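Here, each number is a calculation from the coordinates, and none is a lab measurement. Quick caveat: nothing in here was measured; it's all calculated off a predicted structure. Here the Cβ positions follow ideal geometry from the backbone for every residue, glycine too, while neighbour counts run over all protein chains shown.
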Amino acid sequence: MAEEKSQASSSKMLTLKASDGVLFEVELNIAKEMKTVQAYIDDCEDIETIPIPNVLGKHLAIVIEYIKKTNEEYDAEFEKQWNMDDLQLLLLAANYLNISGLQECLCKAIAKRIENKSPEYVRKVFNIENDHSPEEEAKLRKEYKWAFEGVDKD
Amino acid sequence: MVILISTIGKTITTDEEGGAATISAIHPDIIQTHILTCLDGPSLASASSTCSQLNNLSSNEHLWNKICHSTWPSTNTTRVRHVISTFPNTSRSFFSDSFSTVTANTLHHRHHHHRTNLETTPEILSAVDLFHRKRLILSKVVETETVSGWFRCSPFRIDILDPKDSVETSMEYPRNDEECKNLEEELRLSWIVIDPRGKRAVNVSSGKPVSVHRHWLTGDVHVKFATVLHGGEKGSATEVTVCSLLVTLGGEMQVREVCFQVEDMDGINLNGRDSLGILQKALEGGRKRLRSEKEGKERFVEFMKRKIERKERKLRSERRLDMLCVGLAALSVAAFSTLFLS
């Protein structure tokens, strides 16, 4: 009896519902890679559809594909495909779903993209506003004068 | 659970198609431990200049500590770690001080005359790292006192290795000029002079060698690194001085000697007192990143040219003086003889 039940659970399918309503059917072991989903399942065993309110359908699709395919080669190619906005949204998704492997891969990719760039470029890329006062700004420029030279052209 | 940070700039809404993402929606721990740790020194400085949230995250001591140790392994010793911890912004200011070279006109202080103040620098530390093809081959810290009469009056010289010591390397002996040129590209030296009391540091090495050549007699390989410092008294021999670092390798390419001396335009090695004065000015001076890797060598080549010009000028003025003396002598002989004859 127990064997039958475990066999059934390993091929059990789960439905994930993205924030824009798109549904994804995934195997239980794939879904379990997302620790947030795992916590959901632990809480209520019989659940069949799990809502993922913070993640768009297109990003959830990418995340699921990552979990299925992840290995070193795939990771290396993976990060090159996405633009900065997508990378950040994927990182937020990976963070919410609590997938450490994907999170690390995306963080490295983001770090690579801001390597050796000027603060203006970094601000643009991350969509941050400069909230330093003029004095603070001047102080930082002076202290980090050496860092501003030799950066890549934006 | 994701904690949304109070946002700076726009907020994130994932249910809008094409909503702009902002880094501030990501948990700061993640930014710090996963993104910022991947960055090198200048990139981290860039990131911290963007906004106050990233500035706070980037100021984390651990981040800069890690960068300092990986750039200069010799800074991972107890004494140096302790000294760095006393710096105004600890590892971050140490990195800032040591990463780039001193600006060319660092010694030019119009506003105050600088006198070598031995009391303010009773000792200096030298943190030295030598790399070949990016692999570390030598890493050492040496402490040098600067108060004794012996130090002040004798020619300034700091040796990293004891005379009998040598460090094995797996380098190949350069058999011709081309291989010497290759060594120029493959070797890197950083020599950071640390002033524990003044809480400042400066890198006196040019990074890449300014010359590599084999000694005609002993066959030793001499690798020279140098930083040129301007702004001394105009017209004097110390108008421009050079911090000269020499690495000597024996026939088996074992490192026999790594030493630091300060030379003036007449080729004379300055004594301890004067060298300390130069170093103090360099420690206080500005920092600038070299425009290119070759700039260190270009500056040194220019220094050598000026040295030769100065020597020629001196020779010419001596010759003129000689001619004058000869002329005067001839004149006096002529005057004498006319006196006698008349």
If B:Lys181 meets every condition in (1) over 23 Å from B:Leu249 (Cα atoms); (2) in a helix (DSSP H, G or I); (3) touching a strand residue (DSSP E or B) at 6+ places or on another chain (Cβ under 8 Å); (4) not acidic (Asp, Glu) apart from one, which number is that one? (1)
Among residues belonging to region B:263-313 that are of a type in the set (A, V, I, L, M) and assigned to a loop (DSSP other than H, G, I, E, B), point out the one that is nearest to the other protein chains (Cβ to nearest Cβ). B:Leu290
Residues in region B:43-95 that are within 14 Å of another protein chain (Cβ to nearest Cβ), outside any helix (DSSP H, G or I) and crowded, with 17+ Cβ neighbours inside 10 Å: how many? 4
Of the residues A:Ala111, A:Ala76, A:Ala61, A:Ala94, which single one is free of Cβ contacts under 8 Å to residues at least 40 places away in the same chain, over 19 Å from B:His34 (Cβ atoms) and not acidic (Asp, Glu)? A:Ala61
Working only within region A:145-154, note down all residues that are facing chain B (nearest Cβ under 8 Å) and either surrounded by fewer than 14 Cβ atoms within 10 Å (Cβ to Cβ) or not in a helix (DSSP H, G or I) (or both). A:Glu149, A:Gly150, A:Val151
Before we move on, is A:Lys145 of a type in the set (D, E, K, R) and under 17 Å from B:Ile30 (Cα atoms)? no
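Can you tell me which residue within region B:185-217, out of those that are outside any loop (DSSP other than H, G, I, E, B) and over 17 Å from the mean Cα position of the chain (by Cα), is surrounded by the most Cβ atoms within 10 Å (Cβ to Cβ)?
B:Val212
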Just the residues that are more than 10 Å from chain B (Cβ to nearest Cβ) and outside any helix (DSSP H, G or I), please, taken from region A:98-112. A:Ile99
Selected residue (criterion: surrounded by the most Cβ atoms within 10 Å (Cβ to Cβ)) from residues of region A:113-144 that are more than 7 Å from every other protein chain (Cβ to nearest Cβ) and closer than 21 Å to B:Arg289 by Cβ: A:Tyr121
